[in-house]
Amino acid sequence: VNCLEEQVAVLEADSAGEIALVFGSREIIDPQGRVLMRRGLRGAKAGRIKNLALIKKCIREGTNVIGEPGNGLFRRSLTKSIGRYDATHPYLVDLDYWFRILMHGDAHYTQKITSSFRVCPKSWSVAIGGEQYRDFKGFLDTFCADARYKISHMDRMIGLTRARLNTVARTLVYS
C-alpha cells in the first residue's frame with residue numbers, strides 16, 4: 001500500500017540526483033493469486049545501497065534480486081541515457097536494464113512489497129526458464145567485460161554456480 005508514493009518521495013527527496021533506482025520486495029504468486037514466496041534482499045535494511053554493491057549481490061545470487069520491471073522506479077530522464085531494453089538475453093532483460101541504470105547512481109531499497117509476479121505453467125517466464133543458466137552466463141560475460149562493473153573472477157564463479165541451482169529451483173517452483 002502506498003509503495004509508489006514512497007518510491008516517488010525517495011526520488012523527490014534526492015535533490016542531488018544520486019539515487020538512480022528505488023525498489024522493494026515482491027511476491028511470487030500462482031494463477032489464483034496465492035503467495036508462493038516473497039523475494040527481496042536478504043538481510044538488507046531499508047535505505048540506500050551503493051550501486052556496485054547491489055550489482056555484486058545480483059551477480060553472486062545468480063539472479064535478479066531487484067525484481068521485474070514493475071518493481072522499480074527511476075527518473076524518466078534516465079531512459080534517454082539508458083535507451084531501450086536489450087533482449088539479447090531474454091531471461092535477464094530487466095536485470096540488464098537495472099545494471100545500466102545503476103551506472104547513473106545508487107539504489108534505495110524500501111523493504112516493502114512493491115509488486116507481485118504471477119507465474120503459471122504456460123507463462124513466458126516458465127517457457128524460457130530452462131534457458132536461464134545460458135542467459136545468465138551470456139549476460140555475465142557481457143558485464144564482466146566492462147570494467148566499470150568491477151565484477152571479479154570469484155563473483156563470476158559464485159554467480160554461475162548459483163544460476164545453475166536457481167534454474168533447477170525455478171523449474172520446480174514454476175511447474
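Total residues in the range 12-54 satisfying the condition of being touching a helix residue (DSSP H, G or I) at 6+ places or on another chain (Cβ under 6 Å) and not in a strand (DSSP E or B): the figure is 1.
Condition check ((1) open to solvent by 60 Å² or more (accessible area, probe 1.4 Å); (2) in contact with a Leu (Cβ under 9 Å, 6 or more places away or on another chain)) across all residues:
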| position | (1), (2) |
| --- | --- |
| I29 | no, yes |
| G33 | no, no |
| R38 | yes, no |
| L41 | no, yes |
| I55 | no, yes |
| V65 | no, yes |
| E68 | no, no |
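Scanning the range 74-95 for residues that are outside any loop (DSSP other than H, G, I, E, B) and surrounded by fewer than 21 Cβ atoms within 10 Å (Cβ to Cβ) turns up S77, L78, T79, K80, S81, I82, P90, V93, D94. Looking at (1) among the hydroxyl-bearing types (S, T, Y); (2) within 29 Å of K137 (Cβ to Cβ); (3) surrounded by 14 or more Cβ atoms within 10 Å (Cβ to Cβ), which is the only condition T110 fails? Status for T110: all satisfied but (2).
Filtering the range 119-150 to residues that are at pLDDT 80 or above and open to solvent by 30 Å² or more (accessible area, probe 1.4 Å) leaves Y133, R134, K137, D141, T142, C144, A145, D146, A147, R148, K150. Whenever a residue of the range 51-77 is in contact (Cβ under 8 Å) with a residue 12 or more places away in the chain and more than 18 Å from M154 (Cβ to Cβ), its partners that are among the hydroxyl-bearing types (S, T, Y) and not in a loop (DSSP other than H, G, I, E, B), lying with C-beta atoms within less than 7 angstrom and at least six residues away or across chains, give the pairs G67/S115; E68/S115; G70/S115; N71/T114; N71/S115. If the condition is being within 12 Å of L52 (Cβ to Cβ), crowded, with 16+ Cβ neighbours inside 10 Å and either without any contact (Cβ under 8 Å) to a residue 12 or more places away in the chain or of a type in the set (V, I, T) (or both), then the range 151-167 contributes only I151.
The values are calculated or read from the model by the stated rules, or taken from the named source; none is laboratory data. Predicted model only: the values in this text are computed from it and were never measured. Counting neighbours? That spans all protein chains shown, and the Cβs are built from the backbone with ideal geometry, glycine included. Remember, those area values only see protein heavy atoms, side chains included, never the ligands or the DNA or RNA. Shrake-Rupley method; radii C 1.70, N 1.55, O 1.52, S 1.80 Å.
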